[in-house]
1. When you scan segment 296-316, do you find a residue that is more than 17 Å from G198 (Cα to Cα), hydrophobic (A, V, I, L, M, F, W, C) and in a helix (DSSP H, G or I), even just one?
2. In this structure, is S87 surrounded by fewer than 24 Cβ atoms within 10 Å (Cβ to Cβ), under 20 Å from the mean Cα position of the chain (by Cα), in a helix (DSSP H, G or I) and among the polar types (S, T, N, Q)?
3. Among the numbered criteria (1) buried (at least 21 other Cβ atoms within 10 Å of the Cβ); (2) at pLDDT below 90, which one does N151 miss?
4. Considering G326, G399, G320, which residue is more than 27 Å from G175 (Cβ to Cβ) and part of a helix (DSSP H, G or I)?
5. Show the residue pairs meeting these rules: Cβ distance below 8 Å; 6+ apart or different chains; first residue within segment 24-45 and under 16 Å from T105 (Cα atoms); second residue assigned to a helix (DSSP H, G or I) and of a type in the set (D, E).
6. Among the candidates L309, L299, single out the residue that is touching a residue at least 12 places away in the same chain (Cβ under 8 Å) and crowded, with 24+ Cβ neighbours inside 10 Å.
7. Can you find, within segment 95-108, the residue that is nearest to the chain's Cα centre (by Cα) among those that are surrounded by 24 or more Cβ atoms within 10 Å (Cβ to Cβ) and part of a helix (DSSP H, G or I)?
8. With A4, A36 as the choices, which residue is buried (at least 23 other Cβ atoms within 10 Å of the Cβ), in a helix (DSSP H, G or I) and at positive phi?
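The values are calculated or read from the model by the stated rules, or taken from the named source; none is laboratory data. Remember, it's a predicted structure, so these values are computed and weren't measured experimentally. Cβ: placed from backbone, ideal geometry, glycine included. Neighbour counts: every protein chain shown.
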Amino acid sequence: MNPALIIIFATIIFSSLIGIIAGRKVKMNLENWTVAGRRFGIIIIWLLMAGEIYTTFTFLGASGWAYSKGAPTFYILIYGALAYTLSFFILPALWKVGKRYGLHTQSDFFIKRYDSRLLGVLVALIGVFCIIPYLQLQLAGLGFIVQVASNGAIHPNVAIVISFVLTCAFVYTSGLRGAAWVAIIKDVMMILAVAIVGIGVPYIYFGGFGKMFRALIELKPNYLVFPGAVAHMDVLWVMSTLLLTGLGFYMWPHVFGSAFSAKSDKIIKRNAIIMPFYQIPVLLVFMVGFTALLVIPNLENGDMAFLALVNKTYPSWFMGFIGAAGAVTAMVPSAILVLFASTLIAKNVYKAAINPRASEERVMSLSRFMVLVIMTLALVFVFAFPSELVYLLIFGYDGVCQFFPGVVFGLFWKRVTKAAVLSGLITGICIVVFLILAGKDPFLGMNAGFVGLVINTLVTLLVSLKTEKKSGGFK
């Protein structure tokens with residue numbers, strides 16, 4: 001076995017063991033499994049939230065778009081800054097109600113705020129549906145990494161299955177605490193990998209960033225000017241997409257739920273202040289994609305740009321380090337995604353709609369069982385429906401962003417009603433599905449998810465003003 005594969009699989013196994021050990025001495029009830037007892041301080045929260053946000057997409061999707069699309073890639077850099085700013089105002093208020101009412105999931109919030117099991121079940125089902133392609137993205141990315149690191153000696157499906165088993169193991173035993181421990185390993189490795197490669201390859205091949213950009217402009221004069229290499233991604237598409245993703249950033253069920261694990265609302269505010277530092281590695285990933293376009297033109301799959309350039313430039317042992325960082329970068333978000341998806345099914349679908357008298361032990365057992373079911377479903381999608389990584393992420397954003405009016409109005413506007421949020425959510429989702437299936441995304445130059453969100457918000461506002469608030473809400 002070549003050195004790269006030894007490093008990759010050793011790191012995967014070691015990280016999984018750390019994740020399993022993390023929950024060894026903790027009584028694993030639903031509170032500890034889902035939100036780690038609400039005990040995380042600023043460092044762990046920072047690493048955990050970065051662990052679930054900066055994923056395989058950071059390595060492969062962002063560099064792939066820089067390689068194949070050009071200017072539209074910069075939306076990735078912008079929407080994070082917008083999201084972190086919003087989180088400073090939204091997440092502390094969310095943490096307070098989560099602590100007061102013992103909330104574990106996003107669906108719990110909707111059930112409590114609007115006194116509606118139906119709304120809670122709908123939110124849970126939409127959330128799980130959107131999580132599946134995100135999980136698919138992580139698993140597919142891990143397969144790419146191992147395939148390149150081994151020069152094709154190991155089939156990507158083998159690595160995917162191995163990581164699938166190990167991720168299920170530490171999620172099952174340790175819950176969110178296990179994912180947080182593994183996130184420490186992941187973030188250290190990812191930052192080192194991106195810094196070394198992102199700064200290194202422009203200097204190795206061109207003598208610096210400036211010379212690299214000059215060469216890129218000479219080769220493709222309009223590449224860094226909208227719409228870049230694709231005709232439909234002009235300024236209007238970028239603006240609508242960054243608003244969609246910026247507003248939807250913390251609407252993902254796993255990111256939403258992770259906010260409940262902090263010790264206090266002050267921890268959440270401090271995290272919002274320091275999270276923008278993680279945009280620096282993303283910018284370096286862009287540099288790798290641009291350099292790869294000049295050094296290795298005509299790649300069949302742009303998502304392979306980062307790994308292909310590393311494979312060409314550095315020795316095999318370093319490729320092993322990059323591959324290991326990428327593999328753990330896939331495992332951490334996969335763990336958090338599947339944890340919250342399984343909890344949504346067990347607590348907010350099974351208990352809320354099917355068996356309201358189910359005990360916490362029963363819900364906990366079902367949550368653990370659903371880990372295997374959901375990961376298996378994602379595995380099937382990876383093998384049967386491979387797709388471009390960034391498009392998978394945007395597809396999920398189209399759905400989860402529709403939660404934004406219900407969350408923000410629910411926190412800050414007492415007048416909003418259950419009927420209004422339900423009407424707006426259904427309308428937004430239907431519009432998104434129709435536009436995508438009809439091939440009308442972008443619609444009038446705008447992202448379909450953003451169109452759905454605008455109409456969703458308008459419906460929520462209008463129906464709230466026309467209906468009488470009867471029950472629910474936070475005291």
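1. Taking segment 296-316 first, the residues more than 17 Å from G198 (Cα to Cα) are 297-301, 316.
If we keep only those that are hydrophobic (A, V, I, L, M, F, W, C) too, we end up with 299.
Among the residues that remain, those that are also in a helix (DSSP H, G or I) are: none.
So far as segment 296-316 goes, no, none of its residues is more than 17 Å from G198 (Cα to Cα), hydrophobic (A, V, I, L, M, F, W, C) and in a helix (DSSP H, G or I).
2. Yes.
3. Result: N151 passes all but (1).
4. Values: G326 fails: more than 27 Å from G175 (Cβ to Cβ); G399 fails: more than 27 Å from G175 (Cβ to Cβ).
The conditions single out G320.
5. Listed by first residue and then by second, the contacts come to N29/E360; L30/E360; G37/E31; R38/E31.
6. Numbers: L299 fails: crowded, with 24+ Cβ neighbours inside 10 Å.
Going through L309, L299 in turn, the sole match is L309.
7. Q106
8. The unique qualifying residue is A36.
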